[in-house]
1. Quick one: Karplus J couplings for the stretch 166-173, per residue in order, coefficients 6.51, -1.76, 1.60, θ = phi - 60°, nearest Hz, x for Gly and Pro?
2. What's the carbon and sulfur percent of the stretch 1-120's accessible surface, probe 1.4 angstrom, rounded to a whole number?
3. Taking only DSSP H segments of four or more residues, each worth -39500 (n - 2.57), what value at 222 nm results for the chain once the sum is divided by all its residues, to the nearest 500 deg cm²/dmol?
4. Under 5 Å between amide hydrogens, which residues at least 5 positions from Gly124 or on another chain qualify, with H placed 1.01 Å from N in the peptide plane?
5. Give me the percent of accessible area attributable to carbon and sulfur for the stretch 150-204, probe 1.4 angstrom.
6. Need the list of lysines near Lys251 for cross-linking: C-alpha distance under 24 angstrom, and skip anything on the same chain fewer than eight residues off.
7. What does DSSP give for the chain in terms of the percent of beta bridges that are antiparallel, rounded to the nearest 5?
8. Could you do me a favour and compute the accessible area per residue for the chain, 1.4 Å probe, result in Å²?
Amino acid sequence: MDLKRDLPPVRGTLTPDRTMSDLTWLRVGGPADALFQPADAEDLAAFLGALAPRIPVMAVGVGSNLIVRDGGIEGVVVRLGRGFNRIAAEGTRVVAGAAALDAHVARRAAEAGVDLTFLRTIPGAMGGAVRMNAGCYGRYVADVFVSAEAVFRDGSRASLTPEDMGFAYRHSDLPPDCVLTEVVLEGPAGDPAELAARMDGQISRRDATQPTRDRSAGSTFRNPAGFSSTGRADDAHDLKAWKLIEDAGLKGATHGGAQMSPKHANFLINAGGAKAADLEELGEFVRKKVFDFSGIELEWEIMRVGRESSL
Ligand SMILES: Cc1cc2nc3c(=O)[nH]c(=O)nc-3n(C[C@H](O)[C@H](O)[C@H](O)COP(=O)(O)OP(=O)(O)OC[C@H]3O[C@@H](n4cnc5c(N)ncnc54)[C@H](O)[C@@H]3O)c2cc1C
């Protein structure tokens, strides 16, 4: 397709053939056919409304849950930036632009005496957090979600309720080409100093147990059982993906520049110069070996998107 010819005019920035590798935590990925950074929600809605329906669209946040394949992404990738970063506390509610980082939202909420501390150590932005029903320490976006503003592929806009979202473990029912622009969360009231101290403790615990300084996309595979509608049960059961990977002797396993972290076996890392194919192939190898060893089929938690490389 002649994408350049088919792209409607915008107020924000449209970049053809934009490499994705510096926009993902794993630092891999070929180019998006076009990257769109809208000026505001009106710009986004007008662009999507005018864009030929055959051109695929996908949003990305900060790429902390993604392997973008080496052949890049077909169509338009929407990445929200300035204009979608606002964070405001109103009583026990917090309104956040979809590009606001989870950590910033947690900190601003705590300063206002609102407990969204579970977001502090999740490295994504709010759009990705809501789509993925991100969570840790037994709390999930689904527990605090009030509403979200969305722009659909045809340019129409809507306010989404919890019922619209269909949250499940690391999942929502949002159409894949729908872009969230703003979200409202509500947390319990808390003492700002206590909330700040709790977040400091969470950071120390993460640094002690996970390869937080390496290039990863968080947990590679879901813990294999115990999903509930909000995901709560998943933290409660004993069958952990890291344990299955360790038992199969794959902690520290390498393939090209990819490695299963020697610090936490369920973290797939770019140990230097990895291609997306190295990471995905190592992940598939681990799935096969774990199945051979334990009879349990691991399910990817990292999303893999885009085209295989033609090289
Ligand atoms: C070190 C590390 C630790 C992690 N720990 C946790 C954890 O404890 N708990 C947890 O849940 N996750 C964790 N993750 C995974 C990841 O941070 C979360 O899934 C996060 O919510 C993804 O947000 P993102 O902005 O990076 O989204 P991306 O990875 O860019 O995208 C993820 C998905 O969200 C969609 N998306 C992004 N923005 C929008 C938008 N504006 N509108 C609609 N859809 C959108 C994308 O299309 C894609 O489907 C961790 C990752 C790392 C690297």
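1. Values, residue by residue: x, 5, 9, 4, 6, 7, 9, 8 Hz.
2. 48
3. -8000 deg cm²/dmol, from helical runs alone.
4. Close amide H contacts, sequence-distant or interchain: Asp102.
5. The computed percentage sits at 54.
6. Output for Lys251: Lys240, Lys243, Lys263, Lys275, Lys288, Lys289.
7. Taking every DSSP beta bridge within the chain, about 75 percent pair in antiparallel fashion.
8. In whole numbers, the chain has 44 Å² accessible per residue.
The values are calculated or read from the model by the stated rules, or taken from the named source; none is laboratory data. The structure displayed is predicted, hence computed values, not measured ones. With ideal geometry, Cβ positions are generated from the backbone for all residues, glycine too; neighbour counts draw on all protein chains shown. When the accessible area is computed, the model is the full protein with side chains, heavy atoms only, and any ligands, DNA or RNA have been set aside. Shrake-Rupley method; radii C 1.70, N 1.55, O 1.52, S 1.80 Å.
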